[in-house]
Amino acid sequence: MVTVSLPTPVQPEFDTTIHRRKTRPVPVGTVTIGGGHPVVVQSMINEDTLDVDGSVAGIRRLHEIGCEIVRVTVPSMAHAKALADIKQKLESTYQRVPLVADVHHNGMKIALEVAKHVDKVRINPGLYVFEKPDAQREGYSDQEFADIGDKIRETLEPLVVSLRDQGKSMRIGVNHGSLSERMLFTYGDTPEGMVQSALEFIKICESLDFRNLVVSMKASRVPVMLAAYRLMVKRMDELGMDYPLHLGVTEAGDGEYGRIKSTAGIATLLADGIGDTIRVSLTEAPEKEIPVCYSILQALGLRKTMVEYVACPSCGRTLFNLEDVLHEVREATKHLTGLDIAVMGCIVNGPGEMADADYGYVGKQAGYIALYRGREEIKRVPEADGVQELINLIKADGRWVDP
């Protein structure tokens, strides 16, 4: 009897596409969050809202570099009224920009005023109806819990009705560090407490037939943030809710670690299909946040807003100064969008690693550069002419635009 060895079945390829959670579309001025629309980039000005000219300039700076929704803070009625002037001046001197306003601490009157002037109001459930901490308290009875729930509804209802009737939106923005005392006693300082806090507000909104809602579950520690968002998605799925999510690691800090921390939280969830709008919260000028947002989205293939550079880390086989050349190529082409450009130091891994690139710049022999279009080698040129010849090749293909 002859035994025939059959070849091992080839496993299907892994799906390299991120499949985003299906959410309802929520309008924020001229932008839509969720509903299959591209992930939206947000930030927040740090100017005092009473400074109308400064606020207009800050909003404009952010919008001009790609921030699609801008948030402002309104700690008082005077700040809320100043938003009318900010909005008018923006539209008369620049253009309409989707605006969100933060409202905290028993802010119903402020919220009602600000709802006239912005496209979305952000409230924090832990602060909207502020409960004065009681050092002697040991817990809440069912009746006490329900009574505060009734007070929240009474305070929230006028804002919900105003936003609903104007076709505007609300973000229910839960923060791990500002859960209400009632939630802390009932659920502890946990993701469950964060989720229950959000659900309480969502259910009030739904009872008033208002569903233009975006939800956030921010924390300053990445593991807590991840757990809270994942639990929120689980609960919403169980309840048949499809609200879009605003992602962020709050108070991430500054510098390299602030960027890494934000990316660890935001990108992890986006890779799982969770998230419809993002903000990277850095202790730096707000303009510094926008490139990080776009880099996260680009790296995950969710948005393509700049050139994607593929470059090897360099080794003993490298035939030119890879770091310098990559810098030269980037400076010459960084204004282009929608292209993949590979800069590879040698022939060993070059063609294979850059197979998906539109153009390749490869060191094949000392003093010469091989230029590729896709997998095809087009020509070899002296190293000194490499960057200009790459530009010429892109121009010849009709894919060049002047800076």
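Read-outs: derived from the displayed coordinates by stated rules, not from any lab. Quick caveat, the model's predicted, so the values are computed rather than measured. All Cβ positions, glycine included, derive from the backbone under ideal geometry; neighbour counts span all protein chains shown.
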Notebook entry, point to check: So, in nm, how far is label residue 18 from label residue 192 when the simple model puts each one 7 Å beyond its Cα toward the Cβ?
Noted result: 3.1 nm
Check: Fully extended, how many nm does the chain gain between residue 165 and residue 376 (0.36 nm per residue separation, minus their Cα-Cα distance)?
Finding: 70.1 nm
Item checked: Ratio of the Cα radius of gyration of the range 26-299 to 2.2 N^0.38 Å, where N counts its residues -> 0.96
Notebook entry, point to check: Can you list the residues, at least 5 places off or on another chain, whose amide H is less than 5 Å from the amide H of residue 249, using H built in the peptide plane?
Noted result: 281
Checklist line | Degrees, to the nearest 10: 142-166 long Cα axis against longest axis of the chain | finding: 60 degrees
Item checked: Spacing of the two label points (7 Å from each Cα toward its C-beta) at residue 321 and residue 364, in nm -> 2.5 nm
Checklist line | Within-14-Å neighbourhood charge of residue 254 [Cβ basis; K, R +1; D, E -1] | finding: -2
Next item on the list: Positive end of the charge dipole of the chain (Lys, Arg +1 and Asp, Glu -1 on Cβ, about the Cα centre): tell me which of 28, 229, 271 has its Cα farthest that way.
Entry: 28
Checklist line | Förster radius 51 Å - calculated FRET efficiency between residue 203 and residue 355 (Cβ-Cβ, nearest 0.05) | finding: 0.50
Notebook entry, point to check: Which lysines does residue 364 reach when only Cα atoms under 17 Å apart count, and residues fewer than 8 places away in its own chain are ignored?
Noted result: 379
Check: What FRET efficiency comes out for the pair residue 336/residue 154, r = Cβ-Cβ distance, R0 = 45 Å, nearest 0.05?
Finding: 0.25
Note to self: Give the lysines whose C-alpha is closer than 19 Å to that of residue 203, dropping any in the same chain fewer than 8 places away, or say none.
What the structure shows: 120, 151, 168, 234
Next item on the list: Would you mind computing, in nm to one decimal, how far apart the modelled labels at residue 251 and residue 284 are, each placed 7 Å from Cα along Cα→Cβ?
Entry: 2.1 nm
Next item on the list: Give me the orientation-averaged projected area of the Cα convex hull of the range 212-343, in nm², one decimal.
Entry: 10.2 nm²
Margin query: With n ≥ 4 as the cut-off for DSSP H runs, can you work out [θ] at 222 nm for the chain, using -39500 (n - 2.57) per run divided by the number of residues, rounded to the nearest 500?
Written below: -12500 deg cm²/dmol
Notebook entry, point to check: Do the alpha carbons of any pairs in 261/395; 87/288; 116/218; 109/218 sit beyond 30 Å of each other, and which pairs?
Noted result: 261/395
Note to self: For residue 91, project a label point 7 Å along Cα to C-beta. Then give me every residue of the range 25-68 with its amide nitrogen under 15 Å of that point.
What the structure shows: 29-31
Notebook entry, point to check: Normalised by the number of residues in the range 26-299, what is the relative contact order in percent for Cα pairs under 8 Å and 6+ residues apart?
Noted result: 19 percent
